[in-house]
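Visitor: Could you have a look at this structure, given as structure tokens, before my questions?
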Amino acid sequence: MRTVAEFLHHCVDVSAPLPPLDVSLDGAAGCVLAQAVHANVDIPARDLADGDGYAVFASDIAQASAENPIQLSVIDAVSAAAVNAGTLIPGGCVQVASGAPLPAGADAVVPIVFTDRGAAIVQIKRAVPAGSHVRHAGEDTRAGMEILPAGVRLGARHLALLAAEGQATAMVHPAPRVVIVAVGDELQEPGWQPQTGKVFDATSHALASAVRDAGGNVFRVGVVSDDKRVLRETLEDQLVRADIIITTGGLSYGGGDTVKEVLAGFGSVRFDSVAFWPGRQLGIGKMNDEAVVFCLPGNPVAALTAFEIFIRPALLHMAGYSQIYRRPIEAHMTAAWAGHSGLEDYVPVRVVGNPHAGYRATPLIENDSTLISALARANGLAVIEPSVGAVSVGDSVQCMILDR
């Protein structure tokens, strides 16, 4: 039996980061930068007005006030699209729109609210110091400087910076393509009339959502028969669009080991009993040296728990993340937990509290139950180490927080 740490290390090790791709900004959203980005141009390229107003010599209006307005001649009006803003002369000013270039010589902009909005002659009712309300050339970025380091997950604010620099693409680790295959003749899709001897496939739908939440592109094949030929053909067909294949079910110890028999002919997939609860044997490896394969039990609670522990970190590693594990918090148990001898328990809990008063974790299941309704109410998993075993009320445990 392998420990959680051993199996997790193997899962991450086999899931190497995907090769970088140069993709459009639309396609780069949510991906991790594979290399640092440097500025192409200065932003702004020249001194600009930071709002609507009048470009002036600050010295010309140093004595301006509401009681003593300074009168200036308006020699021009400049829009944000202007190529040439001209040159300012003493005693004059230029009306400027927000984002407009400043005329040569101007060293300040008087906001329009501090004036009488004159078109030919304007009265300035407040002094402003030199540099006021001006966006200076290169104050945001300068050509050649690093603007984004490798490893950043690209969001709206990063894409805004790239677009402002005129960069239409970014070199990123692409989001992994994940195919989910639910195996079992006993399964049926939700939405249909329940059939005798059938159960609705909850696991593949849950895993598809978990993959999306982790940033993967998911393709849910749906229910596949236990027939070995059908399963083999299905898996072979999925290789063309999969970086990761997740199977659920077909791992019974006694005769129902369809997945193990089929995958025995593909690459390096191995099956291990892993020392965690709720869990059982799991599979991990490469299929034809192409897709990484994870084989999970069909039970939705066991499968989702295994996803959180093993697959989510591996998926994030494949996507180029440096931080691949959920950050745990320490909480005090409000109920006792007997534990499972020699196993690392992951207990669905409801965590409440705050950093100042501390956190409390309430188990939502009995010691041997795997209730999907309890997992649905949980916002975390309390981790009970094998060396700890039983936990009493008030004992401190580490909790993986599931809700963002």
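The values are calculated or read from the model by the stated rules, or taken from the named source; none is laboratory data. Everything quoted here is computed from the prediction, not taken from an experiment. Cβ atoms come from the backbone with ideal geometry, glycine included; neighbour counts cover every protein chain shown. With ligands, DNA and RNA removed, areas are computed over all heavy atoms of the protein, side chains included. Shrake-Rupley method; radii C 1.70, N 1.55, O 1.52, S 1.80 Å.
Visitor: Being assigned to a helix (DSSP H, G or I), surrounded by 23 or more Cβ atoms within 10 Å (Cβ to Cβ) and modelled with pLDDT of 95 or more, is that true of even one residue in region 316-324?
Guide: yes
Visitor: Sort out which residues of region 201-233 are β-branched (Val, Ile, Thr) and either within 19 Å of the chain's Cα centre (by Cα) or farther than 14 Å from Phe307 by Cα (or both), and write them in order of number.
Guide: Val211, Val218, Val221, Val223, Val224, Val230
Visitor: Just to verify a result, which residue in region 344-363, among those that are within 28 Å of the chain's Cα centre (by Cα) and part of a loop (DSSP other than H, G, I, E, B), is farthest from Asp403 (Cα to Cα)?
Guide: His356
Visitor: From the list Gln193, Gln188, exactly one residue is more than 26 Å from the chain's Cα centre (by Cα), open to solvent by 30 Å² or more (accessible area, probe 1.4 Å) and of a type outside the set (A, V, I, L, M, F, W, C). Which is it?
Guide: The unique qualifying residue is Gln193.
Visitor: Tell me which strands (runs of 3 or more DSSP E) are completely within region 136-205 and hold 2 or more residues being among the hydrophobic types (A, V, I, L, M, F, W, C), at pLDDT 95 or above and more than 23 Å from Glu236 (Cα to Cα), or say none if there are none.
Guide: It comes to 146-148, 169-173.
Visitor: (1) over 24 Å from Gln167 (Cα atoms); (2) modelled with pLDDT under 95; (3) open to solvent by less than 60 Å² (accessible area, probe 1.4 Å): which one isn't true of Tyr54, the others all being true?
Guide: (2)
Visitor: Return a yes/no flag: does region 336-343 have any residue that is part of a strand (DSSP E or B) and under 28 Å from the mean Cα position of the chain (by Cα).
Guide: no
Visitor: Would you be able to tell me the number of residues in region 112-132 that are of a type in the set (Lys, Arg) and closer than 15 Å to Ser59 by Cα?
Guide: 2
Visitor: May I pose another question? Name the single residue, out of those in region 250-274 being under 19 Å from Phe307 (Cβ atoms), open to solvent by 10 Å² or more (accessible area, probe 1.4 Å) and outside any strand (DSSP E or B), that is modelled with the lowest pLDDT.
Guide: Within region 250-274, the match that is modelled with the lowest pLDDT is Gly250.
Visitor: Continuing with the same structure: Kindly list, by first and then second residue, each pair from a residue in region 350-367 that is without any contact (Cβ under 8 Å) to a residue 40 or more places away in the chain to a residue that is of a type in the set (Ser, Thr, Tyr) and open to solvent by 50 Å² or more (accessible area, probe 1.4 Å), limited to pairs with Cβ atoms under 6 Å and residues at least 6 apart or on different chains.
Guide: Final answer for the pair search is Arg350/Thr362; Gly353/Tyr359; Arg360/Thr334; Thr362/Thr334.
Yes/no matrix, rows are residues, columns are (1) without any contact (Cβ under 8 Å) to a residue 40 or more places away in the chain; (2) of a type in the set (A, V, I, L, M, F, W, C); (3) surrounded by fewer than 21 Cβ atoms within 10 Å (Cβ to Cβ):
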position	(1), (2), (3)
Ile112	no, yes, yes
Leu148	no, yes, yes
Thr169	no, no, yes
Val183	no, yes, no
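Okay, residues lined up against (1) among the charged types (D, E, K, R); (2) over 30 Å from Leu282 (Cα atoms); (3) in a loop (DSSP other than H, G, I, E, B); (4) at pLDDT below 95:
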residue: Glu6; (1), (2), (3), (4): yes, no, no, no
residue: Val12; (1), (2), (3), (4): no, no, no, no
residue: Asp22; (1), (2), (3), (4): yes, yes, no, no
residue: Gly30; (1), (2), (3), (4): no, no, yes, yes
residue: Asp60; (1), (2), (3), (4): yes, yes, no, no
residue: Ala64; (1), (2), (3), (4): no, yes, yes, no
residue: Asn84; (1), (2), (3), (4): no, yes, yes, yes
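Visitor: Would you check which residues across region 32-45 are part of a loop (DSSP other than H, G, I, E, B) and of a type outside the set (Gly, Ala, Ser) and list them?
Guide: Correct list: Gln35, Asn40, Val41, Asp42, Pro44.
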